[in-house]
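These notes concern the structure reproduced below.
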Amino acid sequence: MKKINLVLLLLIAAFASCMQPQKSPDNSKIADIPLEEISINEIQFGYSQGDYTITELVGAYMQRIKEIDESGPQLNSIIIINPDALSLAAELDKELKEGKNRGPLHGIPIVLKDNIDTHDNMPTTAGSRALANSFPLKDSYVAKKLREAGAIILGKANLSEWANFRGELSSSGWSGVGGQTKNPYILSRNPCGSSSGSAVAVSANLTVLAIGTETNGSIVCPSNNNGIVGIKPTVGLLSRSGIIPISFTQDTPGPMARNLTDAVICLNAICGVDSSDAKTLAAKGNIKPDYAKYLKKNGLEGKRIGIYTDANGINFKVDKVYSEAIDMIKSLGAEVFEIGKLENAEVDNNSFKVMLYEYKDGLNNYFQSLGGDADIKSLEDLIEFNKSDSLELMYYNQKYLEMALEMGDLNSDDYKQALNKAMEGSRQNGIDRVMDSLNLDAIIAPTGGPAWQTDLVNGDNYQLGSSSPAAISGYPSITVPMGFIEELPVGITFFGREWSEDVLIEVAYAYENATNYRRQPNFMIE
């Protein structure tokens with residue numbers, strides 16, 4: 001399915017490669033580069049010692065993608081490899097030879113979820129065939145910051161189409177452009193979403209880093225299912241300019257990596273105030289100069305941690321792993337306090353209504369940003385395209401797009417009331433209330449259960465999760481590996497107050513450093 005869907009993209013990539021010839025790296029040398037579980041610091045040491053060049057490292061990743069993602073297990077995590085990746089690598093090699101080093105991301109490969117605009121020879125599709133030939137007119141703010149930091153955008157990652165907010169009975173990790181992404185631990189299991197390809201590519205060592213996006217669970221859930229680290233920052237710490245939207249209130253990009261140190265290095269490079277995204281104006285004075293300084297092995301000592309119990313009793317195997325995590329956190333010097341539910345059905349319902357209103361407004365604005373020659377110019381155009389396409393509605397419908405179309409504009413009293421109720425319920429009467437009453441530094445929760453079987457007929461068999469409190473409030477959360485249930489990883493989430501990334505990094509790193517549960521996947525067949 002993937003090869004059929006990507007004919008146009010591959011032709012574009014081939015044409016771009018012909019127009020800009022790239023010197024291929026030495027295949028005999030790239031085979032010896034130790035890509036598996038390699039960290040940013042190890043790569044930078046390799047560059048400094050002359051063990052390999054940036055071009056050779058990028059070539060090694062491209063070869064691994066071809067062997068594992070496109071062949072072999074066929075993970076389907078990458079929609080397209082950047083046809084300019086080797087040329088960009090050569091330019092960065094030249095800079096290093098001239099003594100110019102842009103910092104820790106210089107020469108580090110990264111993949112972007114394919115709802116993040118890049119102004120290059122790769123389209124930005126949201127996984128939708130409606131945007132298969134859509135080339136944005138400029139880089140997203142995140143892509144621009146990454147390029148400035150010296151990172152190499154290696155390619156675009158598959159995702160749950162339209163960030164999993166298109167319709168009912170969807171299978172996470174499926175898109176009309178990329179097909180179904182597989183879980184690298186057990187191939188028949190689901191990667192979760194919507195940042196499915198981003199998580200799988202990181203976990204399978206097809207890239208060093210990835211950028212995902214989250215509205216509610218789309219960074220932390222795939223991080224859980226694929227045994228990696230995900231940071232969902234405070235909404236406003238990272239710009240959403242040039243990212244195909246769902247919700248102005250809840251959307252945020254975030255880094256995904258195999259360890260928290262790498263994720264924090266990436267976070268440092270991409271946060272900032274962007275005049276094109278009003279949410280980031282509140283970040284003035286709240287952005288820390290260097291989040292890496294909070295990577296402390298003793299970060300849990302003296303901390304007061306809330307134990308979120310709302311997900312308890314759903315899966316006894318998760319309960320056992322979570323109980324062991326709590327014991328570890330206490331042994332590392334934290335004091336713990338049990339807490340219950342942080343939001344109710346009214347908060348969830350108001351959040352959903354806000355998302356529908358903002359989805360309509362955001363998508364129409366995004367389509368306008370693509371210029372007059374764009375094939376899709378409105379939400380109505382998108383809905384009609386899906387109705388006429390042979391594949392898009394094969395497995396599930398587009399009910400959420402149709403519901404969004406029926407909503408009014410953002411000046412309506414209905415929207416404003418829903419927004420106020422969602423914020424009050426999730427913030428003042430939710431996280432803030434509980435944390436203030438117990439003087440908590442952070443709250444922990446199981447991120448999710450083990451990955452379910454992928455099912456394109458019935459959709460996701462989602463069991464448990466804890467993303468909503470931080471997602472609806474727009475507050476930060478970090479997930480790191482918590483252990484395994486048989487051969488499948490599960491994660492633990494640390495979340496807390498607005499702009500508390502520094503505290504969350506401290507406690508999450510202390511736990512990660514003490515446990516080291518991350519384990520490389522083996523592409524098992526069940």
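Values for this structure:
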quantity	calculated
Set Pro245, Pro233: member being open to solvent by less than 10 Å² (accessible area, probe 1.4 Å) and at pLDDT 95 or above	Pro233
Pair list, Cβ < 6 Å and 6+ apart or interchain, from the stretch 44-64 residues that are of a type in the set (S, T, N, Q) to residues that are open to solvent by 30 Å² or more (accessible area, probe 1.4 Å) and in a helix (DSSP H, G or I)	Thr55/Ala90
Residues being under 17 Å from the mean Cα position of the chain (by Cα) and open to solvent by less than 10 Å² (accessible area, probe 1.4 Å) - total across the stretch 136-150	4
Single unsatisfied condition, Lys303 versus (1) charged (D, E, K, R); (2) open to solvent by 40 Å² or more (accessible area, probe 1.4 Å); (3) within 19 Å of Leu438 (Cβ to Cβ)	(2)
Glu384 open to solvent by 40 Å² or more (accessible area, probe 1.4 Å) and closer than 30 Å to Gly313 by Cα	no
Neighbours by Cβ (under 7 Å, 6+ apart or cross-chain): first from the stretch 285-308, within 25 Å of Gly236 (Cα to Cα) and modelled with pLDDT of 95 or more; second β-branched (Val, Ile, Thr) and open to solvent by 50 Å² or more (accessible area, probe 1.4 Å)	none
Filter pass, Tyr395 being within 30 Å of Thr118 (Cβ to Cβ), open to solvent by less than 60 Å² (accessible area, probe 1.4 Å) and either in contact with a Phe, Trp or Tyr (Cβ under 9 Å, 6 or more places away or on another chain) or among the small types (Gly, Ala, Ser) (or both)	no
Filter result for the condition that a residue is under 27 Å from Glu338 (Cα atoms), among the acidic types (Asp, Glu), in contact (Cβ under 8 Å) with a residue 24 or more places away in the chain and assigned to a loop (DSSP other than H, G, I, E, B), over Glu506, Glu498	Glu498
Candidate set: the stretch 251-289, residues that are assigned to a loop (DSSP other than H, G, I, E, B) and more than 21 Å from Ala143 (Cβ to Cβ); chosen: the one nearest to the chain's Cα centre (by Cα)	Arg258
Residue list for the stretch 413-449, restricted to those being open to solvent by 30 Å² or more (accessible area, probe 1.4 Å) and either modelled with pLDDT under 95 or part of a loop (DSSP other than H, G, I, E, B) (or both)	Asn439, Asp441
Pairs, first closer than 24 Å to Asp460 by Cβ in the stretch 383-395, second open to solvent by 60 Å² or more (accessible area, probe 1.4 Å) and part of a loop (DSSP other than H, G, I, E, B), C-beta under 8 Å, six or more apart	Asn386/Leu393; Lys387/Leu393; Tyr395/Leu169; Tyr395/Val457
Flag if Ala345 is at pLDDT below 95, surrounded by fewer than 20 Cβ atoms within 10 Å (Cβ to Cβ) and within 24 Å of Glu402 (Cα to Cα)	yes
Which listed residue is modelled with pLDDT of 95 or more and either out of contact with any helix residue (DSSP H, G or I) (no Cβ under 9 Å at 6 or more places or on another chain) or buried (at least 24 other Cβ atoms within 10 Å of the Cβ) (or both), from Gly193, Gly167	Gly193
Entirely in the stretch 290-405, the helices (runs of 4 or more DSSP H) that have 1 or more residues that are in contact with a Ser or Thr (Cβ under 9 Å, 6 or more places away or on another chain)	316-331, 345-369, 379-388
Qualifying residue in the stretch 173-184 (condition: crowded, with 24+ Cβ neighbours inside 10 Å, on the phi < 0 side of the Ramachandran plot and touching an Asp or Glu at 6+ places or on another chain (Cβ under 6 Å))	yes
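The values are calculated or read from the model by the stated rules, or taken from the named source; none is laboratory data. Quick caveat: nothing in here was measured; it's all calculated off a predicted structure. Neighbour counts run over all protein chains shown; Cβ positions are idealised from the backbone, glycine included. With ligands, DNA and RNA removed, areas are computed over all heavy atoms of the protein, side chains included. Shrake-Rupley method; radii C 1.70, N 1.55, O 1.52, S 1.80 Å.
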